[in-house]
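Single-structure report; data block below.
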There are 2 protein chains.
Amino acid sequence: MKEASAKDRILDSAELLLAERGLDATSLRDITSSASVNLAAVNYHFRSKDELILAVFTRLVEPMTARRLALLDALPGDAPLEDVLTCLFRPALEMAKHKALVARMYVERPDLFQRIFETHLRPSAHRFAAAFSQRLPGLGATELGWRMHFLVGLMIHTLAAEPILRAISGDPAPLENMDAVLAKLVAFGAGGLRAQPTLGEEPYA
Amino acid sequence: MKEASAKDRILDSAELLLAERGLDATSLRDITSSASVNLAAVNYHFRSKDELILAVFTRLVEPMTARRLALLDALPGDAPLEDVLTCLFRPALEMAKHKALVARMYVERPDLFQRIFETHLRPSAHRFAAAFSQRLPGLGATELGWRMHFLVGLMIHTLAAEPILRAISGDPAPLENMDAVLAKLVAFGAGGLRAQPTLGEEPYA
DNA sequence: GTACAATTCAAACGAACGTATGAAAGAGGC
DNA sequence: GCCTCTTTCATACGTTCGTTTGAATTGTAC
């Protein structure tokens, strides 16, 4: 049993705590004491708290994107819309227990989120846009952009909502049954994508 | 032209700054200097920062709920699903320039959000659930609960996404044309609500 | 073993935060 | 005028934060 390096232990603890408590609310002291390393180790291995957050997020997003594209590539060309949505949603739901981090990043640090989006998310977004467009011939690029934006909303909200769902529903682990949640997400998303497009024109993307 | 009271000026400044910068990231000193009041005024008129946040949020949510119910009550019994969704979404989009506050509250302070939900949102949620259920006879209570959860996700995400949309699309005010956004939200939401329900059973609510 | 780089450590820095205090100023009734 | 209650004010308290420093320790190659 190899000991994990200090750098990795910091990443692990940060991933857990940042998702659990929030970005601002988690101090470097929380992280380093949880990781059993010295406080200064963060600024030695990473350069600042922001860079640490970025590293945590990158480590989380990179395999997710890879998995998404792998699933999409493995899909037959005539696969239904629902299957494409599954390729998009499943890897997000699979992200261990740290789903909330994406949502926190999204609203607390849009500046950092955008950096991740440009480098890791935008290329795969284009791939999915093409897959959707092929299956929704009546939809213009503008309308599709908005609808993909809505899909992101469904996803991020569901990832972030575990504590809320727990409080509201009383279920201690409402996202436990991943496949059931995934099925509901896919059904709703497909229904929304297939809706009759509106008439107004809006610039987007 | 009557001068606004210190209490109201604090609420106004807090509403603006909290939505703009985030809950933790906005200090009481930011708020009081923007409102041109003494720092101690916050702890005099409200008891703490948390109570101030709660007051800001309550002042925002109360008329929104009232407007929602008013719109819903004015709806003919045979109005289509889309009209019910409009009653739900329009008041949210109408909330001046401080829409992002709802989303920030949602992910940064779920504890405070839940207090607001219980007192101001849950009753109207039941009214809307009934309106939806009546128009979607095939949908069980569990499935409807999840789909309303998805609707909240659409809404909160759209409210929160202005800075992201601005960064991604380049449009300086992508939510400016409220009616167009509303139409897209309603179309997508109605499509999702009408989708074929999944088979799995999940406890909810 | 010795030299050199990489890592860890305890300790401290200045800044910013929410909150509290007690005196000063203002408003209204008499 | 004076008394009382409300509101404002400057100032300070104690805490926590991200970051830095310089010495101690560990690892590695010769």
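Observations
- Relative contact order, percent, region A:57-194 [alpha-carbon distance under 8 Å, six or more residues apart]: 34
- Cα-only Debye scattering, the protein assembly as shown: base-10 log of I(q)/I(0) at q = 0.09 Å⁻¹: -0.57
- Working note: Cα gyration tensor of region B:13-77, eigenvalues times five, square-rooted, sorted largest first, giving semi-axes of 31, 12, 9 Å.
- Relative to the current alpha-carbon distance between residue A:133 and residue A:24, full extension at 0.36 nm per residue lengthens the span by 35.3 nm.
- Two-site FRET efficiency, residue B:179 against residue A:94, from Cβ-Cβ distance with R₀ of 41 Å, rounded to 0.05: 0.60
- Inter-copy separations for residue A:5, label at 7 Å along Cα-Cβ, nm, ascending: 6.1
- Residue (of B:39, A:88, B:187) at the positive-pole extreme of the protein assembly as shown, dipole from beta-carbon charges: B:39
- Taking the helices alone, chain B has a mean residue ellipticity at 222 nm of -22000 deg cm²/dmol, built from -39,500 (n - 2.57) per DSSP H run of at least 4 residues and averaged over all its residues.
- For chain A, the longest principal axis of the C-alpha atoms and the axis of helix A:81-93 are separated by about 10°.
- Distances between copies at residue B:179, taken between label points 7 Å from Cα along the C-beta direction, are 4.8 nm in increasing order.
- Between this copy and the others, label points of residue A:27 are 1.6 nm apart in ascending order, each placed 7 angstrom from Cα in the Cβ direction.
- Lys, Arg +1 and Asp, Glu -1 on Cβ, resulting dipole of chain B about Cα centre, debye, nearest 20: 260
- Counting every other Cβ atom within 10 Å of each residue's Cβ, A:15, A:20 order from fewest to most as A:20, A:15.
- Longest to shortest principal axis, alpha-carbon extents of chain B, angstrom: 58, 38, 36
- Links that overshoot a 28 Å alpha carbon limit, given the list B:7/B:99; A:99/B:99; A:99/B:7; B:7/B:184; B:49/B:184: A:99/B:7; B:7/B:184; B:49/B:184
Every number here is computed from the coordinates shown, using simple stated rules; none is lab data. Every value quoted in this text rests on a predicted model; they were computed, and no experiment measured them. Here Cβ is always computed from backbone atoms with ideal geometry, including for glycine, and neighbour counts include all displayed protein chains.
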